[in-house]
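The values are calculated or read from the model by the stated rules, or taken from the named source; none is laboratory data. Just so we're clear, the structure is a prediction, and the values are computed from it rather than from any experiment. Note: ideal-geometry Cβ built from the backbone for every residue, glycine included; neighbour counts use all protein chains shown. Areas reflect the complete protein model, heavy atoms only, side chains present, ligands, DNA and RNA absent. Shrake-Rupley method; radii C 1.70, N 1.55, O 1.52, S 1.80 Å.
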Amino acid sequence: MSQASEPKKGPVLVLLGGTGDLARRMLLPSLFHLEADGLLPDGLRIYGVARDGQSPDTYRTNVRAALELREKTIEEDAWKRFIARVDYFSGDVTKPEGAKALADAIGGHSELYIYFSVSPSIYPKACESLAGAGLIRENTRLVLEKPIGRDLESSKALNCAVAKVATEEQIFRIDHYLGKETVQNLIALRFANIAFEPLWTNHTIDHVQITVAETEGVGDRWPYYNEYGALRDMLQNHMIQLLCLVAMEPPADLDPDSVRAEKVKVLKALRPMSRATVSQEVVLGQYTSGVSDGKSVTGYLDEVGKPTDTETFIALRCFIDNWRWAGTPFFLRTGKRLPERRTQIVIQFKPLPHSIFSNSANADMVANRLVIDLQPQEDISLVLMNQRPGLAQEGMRLQPMPLSLSLAKAYSGHGGRRRIAYERLLLDVFRGDRTLFVHRNEVEEAWAWVDGVAEAWQQAGLKPKNYAAGTSGPAGVHALIERSGHQWHD
Ligand code: BG6
């Protein structure tokens, strides 16, 4: 709590958008968890910033309410320590006088972390006035939430505006998927094990599937979502990051620049889509009313209240034109109001070049598959062929069996609680480790490719097809993958 009589010092975290949805659902609970684990920097003060004129005490009461919504129990000692750090500032930091008043409220400090949990449209003005008020200096780190632009041009404009006040080393662009433990585990799986590396190529991998399915609809987020759609809201960032982690070459080390360089190479090698091929490579959908999680739900158009061609589902096939991946299709699909929540990566290996088994055994033969479940459960399983025990007239019988690693079970004794992705990321902001953050080059390369996809489908006049809420996407999603001789792993 701010006490005017005591000189203020120590690190400060400023949460712009401190009363917003992200702050309430993710950021404040993550900070509280870090507090409970003793991981917050010593002396850290946290300022929620918004424009609604509430008092610091009301803010603290609201922080408690937000925590109670998601926590089963709140450890009271940790809560006391945590809330003693929290203060609230009401004002408009896009205006010089607002930024100056915030600087006065914060007073002396060591490191300053400014988290932009607000609409990106206000980043440039906020940066300018915060810098004018002396709040962006060498010891300041800026944390930027997605979306970083809506296309390459707006993304560049935004990055340039921020670059006027801070160096790239001071900027932490969040893609919260990179904070998920299972996503980091993908890095461990690939680069801490020798077993997969020789197989991780177009010689042995037939294709890759990346699915991010959600049961939730868009609801009252539609004013934002309708401008972006599934391509820009999910695929440009989270899914492309997953694709990069699957496809990149081993970096020399985990230094942020080494990792970023490898991801950028993948992005540069993504084959552009063309007007001629896009209708064979992309399927767009928009949900109509239906049943989701056992409840009747309205369609997207009813939520928006006007006609719109924004896609709430996208599936596409893409290629990475480099030596490792030439000819191996990557299938990506994501959508709202699908039958289940699931984020999954499937590495489908090629069939055997020649089988030595009898016809009946061969009938049961499937190619090896590595399935990486990221959420809701965290599992890795490798489907291997096995000999079915017992005697049979026809000789040896085969059976596919998963070799499974359930991360939840393996680590059930280690604190149990599943971490919020933002905990890792906030901790890394405090530590100054940018490995799990997105560099400007990555954002811009990803937009360059995504812009090409959107442009191709506009030229080809592609429109989203309806799918009922609770079903697995529009007609055409199966044909997309079947044309290459494959099936979705559902
Ligand atoms: C956000 C998107 O970035 O990620 C949302 O804007 C989406 O539309 C969310 O629902 C999904 O995140 P998670 O962690 O729930 O898979």
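Tabulated data
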item: Per-region count, the range 255-301, residues in a strand (DSSP E or B) and in contact with a helix residue (DSSP H, G or I) (Cβ under 8 Å, 6 or more places away or on another chain); result: 8
item: Output for the range 151-175, where each listed residue is surrounded by fewer than 20 Cβ atoms within 10 Å (Cβ to Cβ) and either within 14 Å of the ligand (Cβ to nearest atom) or among the hydroxyl-bearing types (S, T, Y) (or both); result: S154, T167
item: Condition check for G285: within 16 Å of the ligand (Cβ to nearest atom), in contact (Cβ under 8 Å) with a residue 12 or more places away in the chain and exposed (fewer than 14 other Cβ atoms within 10 Å of the Cβ); result: no
item: Any hit, the range 129-138, residues being under 30 Å from G38 (Cα atoms), in contact with a strand residue (DSSP E or B) (Cβ under 6 Å, 6 or more places away or on another chain) and touching a residue at least 12 places away in the same chain (Cβ under 8 Å); result: no
item: Boolean, L34 is open to solvent by less than 30 Å² (accessible area, probe 1.4 Å), modelled with pLDDT of 95 or more and touching a helix residue (DSSP H, G or I) at 6+ places or on another chain (Cβ under 7 Å); result: yes
item: Top-ranked residue in the range 303-331 [being touching a residue at least 12 places away in the same chain (Cβ under 8 Å), among the small types (G, A, S) and surrounded by fewer than 24 Cβ atoms within 10 Å (Cβ to Cβ); ranked as nearest to P474 (Cα to Cα)]; result: G327
item: Sole exception among (1) within 16 Å of the ligand (Cβ to nearest atom); (2) open to solvent by less than 20 Å² (accessible area, probe 1.4 Å); (3) within 30 Å of K295 (Cβ to Cβ) for E216, by number; result: (2)
item: Number of positions in the range 41-63 that are closer than 13 Å to S30 by Cα and open to solvent by 30 Å² or more (accessible area, probe 1.4 Å); result: 0
